[in-house]
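Asks: This structure is in structure tokens; I'll ask about it shortly.
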Amino acid sequence: KMLRKLYIILLLMTFTVTLHAQIEEKNSFVAGIDIKLGDFTNDDHSLGGALIHGGYDINFCNLTFLSIEPKLGVGYFHGSYTHTFETYSHSEYNIGGIITGVSPKLKISINDDDNVFLFIENEFSLFNAFASVKDKNSTRTRRENYYGYFYYTGKIGILVKYSDNSKLGFWVGGSTLSFDRMLNKGLERNQARYNSEDASICVGLDYYFKYK
């Protein structure tokens, strides 16, 4: 609950900054894709997916190293687990949904021409998700939904400015996004629980552009 309150405060701050932005020529639209993966060291388990999103990066007048981006996007994930030597040994699920997020960013120039930047981004997001699940020891597919799931993603990357109107960002990071709570929703007591469905490994690409 505390994290959700922080998210709401950041969202209100973003709208306030947007209404009072004084240097509009430095603000940019953003289109990006995030690839999120689970633990891929286990041959029996797989989890991966992507988020496609758009946003508006808002710069502060007197704090050139700081910006904040409200964003909206859609995501899709697939996970599976093979339980060796068991009847109905394969469990799997598909999850899709809509994300809203707020991303404060810190950046610093790392070359003399001021066209390459190192940046750190802290993304606070809500995921409204819908799942189709086939459980272990079950022949039927069940459907679950989960609204307002909060998660955090930390990112570090390089931002390259290759024209006055365009920049490209590459990043890696980690996330608290986990599907355990959603997948365990509706399970009977005697059914096996999900406990490692974490999409915690992240890489991504962002394209910044502005219209004149």
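Rule-based calculations on the coordinates, nothing more; no lab input. As the structure is a computational prediction, the values presented were derived from the model and not from experiment. Here the Cβ is made from the backbone with ideal geometry for all residues, glycine too, and neighbour counts use every protein chain on show.
Asks: List, in the order given, every pair from Lys71/Lys134; Lys36/Lys210; Lys36/Lys136; Lys134/Lys155; Lys36/Lys107; Lys105/Lys134 whose Cα-Cα distance in the structure shown is over 29 Å.
Replies: The answer is Lys71/Lys134; Lys134/Lys155; Lys105/Lys134.
Asks: Still on this structure, I have one more. Ordered by packing density, taken as the mean number of other Cβ atoms within 10 Å over each peptide's residues, highest first, how do 198-205, 61-68 rank? If you can, show how the numbers build up before the last one.
Replies: Numbers: 198-205: 18.6, 61-68: 13.4.
My ranking of the peptides, most packed first, is 198-205, 61-68.
Asks: In a shell of Cβ-Cβ distance under 15 Å around Ser132, excluding Ser132 itself, what net charge do Lys and Arg (+1) and Asp and Glu (-1) give?
Replies: Working: positive: Lys134, Arg140, Arg142, Arg143, Lys185; negative: Glu92, Asp135, Glu144, Glu197.
Overall, the nearby charge balance is +1.
Asks: Assign unit charges at the C-beta atoms only (+1 for Lys and Arg, -1 for Asp and Glu), then state the dipole size of the stretch 88-212 relative to its Cα centre in Debye, rounded to the nearest 20.
Replies: Dipole about the Cα centre, nearest 20: 520 debye.
Asks: Another one. Residue by residue through the stretch 111-126, which ³J(HN,Hα) values in whole Hz follow from phi under the Karplus form 6.51 cos²θ - 1.76 cosθ + 1.60 (θ = phi - 60°), with glycine and proline marked x?
Replies: Couplings: 9, 5, 7, 6, 10, 10, 10, 8, 9, 10, 10, 10, 9, 10, 9, 10 Hz.
Asks: Answer with one residue from Phe170, Phe124, Met182: the one whose Cα lies farthest towards the positive end of the charge dipole of the stretch 111-212, charges on Cβ with Lys, Arg +1 and Asp, Glu -1.
Replies: Ranked along the dipole, the leading option is Met182.
Asks: Something else: Applying the Karplus parametrisation 6.51 cos²θ - 1.76 cosθ + 1.60 with θ = phi - 60° to the phi angles of the stretch 37-50, what ³J(HN,Hα) value in whole Hz is obtained for each residue in order, glycine and proline being reported as x?
Replies: 10, x, 5, 9, 7, 9, 5, 7, 10, 9, 7, x, x, 9
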